[in-house]
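Just below is one structure, and these are the notes that go with it.
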Protein chains: 2
Amino acid sequence: MTEHSLWRFSRALHRAINERRYEDLEALIDEDVDWAIYGPIDMFPFLGARRGREAVIEVIRQIAEHVRVHRFDRETIMLGEESASSMLRYSLTALDSLKPISLRIAHFAQFRAGRLFNLRVLVDTFDLVEQALGRPIHLPKMASFA
Amino acid sequence: MTEHSLWRFSRALHRAINERRYEDLEALIDEDVDWAIYGPIDMFPFLGARRGREAVIEVIRQIAEHVRVHRFDRETIMLGEESASSMLRYSLTALDSLKPISLRIAHFAQFRAGRLFNLRVLVDTFDLVEQALGRPIHLPKMASFA
């Protein structure tokens, strides 16, 4: 049984982010990859949609400039033949401030011939924004939507 | 081939939220269900963790008091024998204000004997908070984390 594409991609992604080594990663991304990490792109320009290998490598470079992956725990995982989804808890370090950032994400990945072809990532964005701001955002208690 | 537990659960959940009919849903939830929708519980008391069927039915009642499901699109889905994950885009109506709320969520569900046993839901919470507030939250552009 060959190794699932997710494991190869995951290792290469973390190597890219933590060691800024991109050569393995490039071989594991489809030329026409469709990539989206949903979130407030005004605050975090490396979130949002990207299309094509070059744009995706570039955005991973931007992510690598901002954070290091300290550890991650895969809380849930589903593997298909050429697909995978998981929920993960990341412990990141913000490179400028050396502040810890703790983040839960969910991803859905599709592979084609072993290469990442489609990625959708959802992040608990409010939690991320508060940690990045370094302070809580005051929220009204909503008995209802305003 | 019998119908996947996800479809039964999904129909019963939407019937519970939109029509406040809970009888189908109760039969589809394990007595010891472990349930979590991650998000700011100070603002939305119906988010957070719940344990056991009674607590889960109660939180679904609370959700039903606040929103109606106008429509939903399942953007990605993975089905296992007793598990399922998907990313969905929901169009909700806030019942008090009749405001539309558009929301992307990811869920991971595990079933046991056809009943929901574990549910983890991640929401694009910053987007949700802004829509509930009815105004954008001003964010600094972060070249880096503060």
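The values are calculated or read from the model by the stated rules, or taken from the named source; none is laboratory data. Note that this is a predicted model, so its numbers are computed, not measured. Positions of Cβ are generated from backbone atoms using ideal geometry, with glycine treated the same way; all protein chains shown enter the neighbour counts. Just so you know, the surface numbers come from the protein's heavy atoms only, side chains and all, with ligands and any DNA or RNA stripped out. Shrake-Rupley method; radii C 1.70, N 1.55, O 1.52, S 1.80 Å.
Annotations for the structure displayed:
- Amide H contacts under 5 Å for residue B:101, placed H, 5+ residues apart: B:92, B:93, B:94
- Fully extended contour minus Cα-Cα distance, from residue B:54 to residue B:3, at 0.36 nm per residue: 15.8 nm
- Comparing the full protein assembly with the isolated chain (1.4 Å probe, heavy atoms, ligands and nucleic acids excluded), the residues of the range A:100-121 losing at least 30 square angstrom of accessible area are A:104, A:108.
- Shape category assigned to the protein assembly as shown from the gyration tensor of Cα positions, a/c cut at 1.5: oblate
- Take residue B:137, move 7 Å from Cα toward the beta carbon, and the resulting point lies 0.3 nm from the same point in each other copy, nearest first.
- Remark: label point of residue A:7 defined 7 Å out from Cα along the Cα-Cβ vector; separations to the same position in other copies 3.4 nm, ascending.
- Cα-derived Rg over Rh, computed across chain B with Rh taken as Kirkwood radius: 0.99
- Carbon/sulfur fraction of accessible area - the range A:85-146, other protein chains in place, 1.4 Å, %: 54 percent
- Distance between the range B:80-146 and the range B:21-58 - C-alpha centres, whole angstrom: 15 Å
- Derived scalar couplings ³J(HN,Hα) [the range A:40-47; Karplus, 6.51 cos²θ - 1.76 cosθ + 1.60; whole Hz; x for Gly, Pro]: x, 6, 5, 7, 10, x, 8, 8
- Candidate aspartates and glutamates for bridging to residue A:141, where Cα separation is under 12 Å - those fewer than 8 sequence places away on the same chain excluded: B:42
- Protein accessible surface hidden between B and A, which excludes ligands and nucleic acids, total in Å², probe 1.4 Å: 4000 Å²
- Signed unit charges on C-beta, dipole axis of the range B:1-93, positive-most listed residue B:67, B:87, B:28: B:67
- Of all lysines in the structure, not one has an alpha carbon short of 17 Å from that of residue A:99, not counting any fewer than 8 places away in one chain.
- Each other residue within a Cβ distance under 13 Å of residue B:17 adds +1 if Lys or Arg and -1 if Asp or Glu, for a net charge of +4.
- Taken one residue at a time, the phi angles of the range A:80-91 give Karplus couplings (6.51, -1.76, 1.60, θ = phi - 60°) of x, 4, 10, 8, 7, 9, 7, 10, 10, 10, 9, 10 Hz. Gly and Pro are set to x.
- Within chain A, the longest segment free of exposed loop sites, counting trypsin sites (Lys or Arg not before Pro) that fall outside DSSP classes H, G, I, E and B and have at most 14 other Cβ atoms within 10 Å, spans A:22-140.
- Label distances, nm, residue A:23 versus same residue in remaining copies, Cβ-directed 7 Å point: 6.7
- About its Cα centre, chain A has a charge dipole of approximately 420 debye under the convention of +1 per Lys or Arg Cβ and -1 per Asp or Glu Cβ, with nothing else charged.
- Candidates B:30, B:127, B:42, ranked by Gaussian network fluctuation over chain B, Cα under 10 Å, top entry: B:42
- For the range B:92-142, the relative contact order comes to 26 percent (Cα pairs under 8 Å, sequence separation of at least 6).
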